[in-house]
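The values are calculated or read from the model by the stated rules, or taken from the named source; none is laboratory data. These numbers come from a predicted model, not from an experiment. Because the Cβ atoms are built from the backbone with ideal geometry, glycine has one as well, and the counts that use them run over all protein chains shown. Accessible surface is based on the protein model in full, side chains and every heavy atom, while ligands, DNA and RNA are left aside. Shrake-Rupley method; radii C 1.70, N 1.55, O 1.52, S 1.80 Å.
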Amino acid sequence: MKTISSVVENYIKSKPFLLNGLTLGIVNLTSLARIMQQELEHEMDKEVKQGAIVMALKRLSEELDFRINHKIEKTLKSMGEITVRSSLVNYNFTINPRVLNRQADFLTEISSLKDVFYTSSRGVNETNLIVSESISDIVEKHFADEKWVLKTDKLASITVKLPKENVGTPGLFYFIFQRLAWEGININEVISTNYEVTIVVSEDHIDSAFKVIKDLKKV
C-alpha cells in the first residue's frame with residue numbers, strides 16, 4: 001500500500017540535486033510541497049494535503065541527514081594520506097589491438113623506472129594513459145604510428161587513501177565531486193580502486209583542489 005511518506009521519498013530520491021538540498025536544509029518545504037502536490041495526487045489517485053507533504057518532507061530530511069550525511073562524514077574523517085603529483089600528460093586513444101600491444105611494450109620499458117606516474121583506464125571504445133611528463137617521449141615512441149584522439153598536458157593529480165568502509169558508503173564520491181564543482185574545479189579524469197581514488201585536474205586548479213580534499217576531513 002502506498003503511503004504519503006513512501007511516495008514522497010521515492011519522488012525526492014529520483015532527483016539527486018533536490019535530495020542534496022533537502023539534506024542541507026536549504027529547501028523551502030512549503031514551496032516544494034506545493035510543486036509536488038499534483039504529481040503525488042496522481043501517484044496516489046486521491047487528494048493529498050500540502051500539510052501532509054510538508055510533514056513527510058520534514059521527517060525525510062531528518063532521516064536522510066542521519067543516514068547519508070553522518071555516514072559520509074565519518075568516512076571522510078577517516079581518509080588517509082593525500083598524495084599530489086604535477087607535470088602529468090593525458091593521452092586518449094581509440095581502442096584497437098595495436099594500442100593494447102603497444103601499451104604492453106610501453107609498460108615493459110618503464111617497469112624499472114622510479115618516481116614516475118602511470119595510470120590507465122579503459123572504456124568500451126577508448127583508453128586513456130596518464131603519465132609523468134618525463135616519460136611522455138617514451139609514450140610517443142611506442143605510439144608513433146597511432147593518432148591519439150586527445151592529448152592534454154599541464155595536469156596534476158590528487159590521490160587519496162580511503163578507509164575500508166568507503167565501499168559501503170553511498171554518495172561518497174558524489175559528495176567529493178560536488179565540493180570540487182562548487183569551487184569551479186573541472187575534473188579531467190578519475191581513477192579509483194577499492195581503497196584509493198585519484199582525481200586529475202589542471203595544474204591551475206591543483207592548489208584549490210588540494211584544499212577542498214584536505215578540508216573534507218574536517219566536515
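Structure notes:
- Ligands, DNA and RNA excluded, the heavy atoms of H142 present near 40 Å² of accessible surface to a 1.4 Å solvent probe.
- Along the chain, the exposed loop sites are trypsin sites (Lys or Arg not before Pro) outside DSSP states H, G, I, E and B with at most 10 other Cβ atoms within 10 Å, and the longest stretch free of them is 148-217.
- At full extension, S192 and T30 could sit 54.3 nm farther apart than now, given 0.36 nm per residue minus the alpha carbon distance.
- Matching label, Cα Rg over 2.2 N^0.38 Å computed from the structure shown, candidates (i) 1.34; (ii) 0.95; (iii) 1.22: (i)
- Long hydrophobic helices in the chain: none of the complete DSSP H runs spans 24 Å or more by Cα along its own axis with mean Kyte-Doolittle hydropathy of at least 1.6.
- When the chain is treated as a GNM with alpha-carbon contacts under 10 Å, the residue of E196, E165, E41 showing the greatest mean-square fluctuation is E41.
- Karplus (6.51, -1.76, 1.60) ³J(HN,Hα), θ = phi - 60°, over region 157-170, in Hz, Gly and Pro reported as x: 10, 10, 10, 10, 7, 10, x, 4, 6, 5, 4, x, 10, x
- Radius 12 Å from Cβ of I110, net charge of other residues (Lys, Arg +1; Asp, Glu -1): -2
- For the cross-link pairs K13/K154; K114/K151; K49/K77; K114/K218; K71/K211, the ones whose C-alpha atoms lie over 30 Å apart are K13/K154; K49/K77; K114/K218.
- Using a probe of 1.4 Å on the protein chains alone, the accessible area found for T152 is around 30 Å².
- Using Cβ point charges alone (K and R +1, D and E -1), the dipole size of the chain about the Cα centre works out to roughly 700 debye.
- Ranking of V190, V99 by solvent-accessible surface, largest first: V190, V99 (1.4 Å probe, protein heavy atoms only, all chains present).
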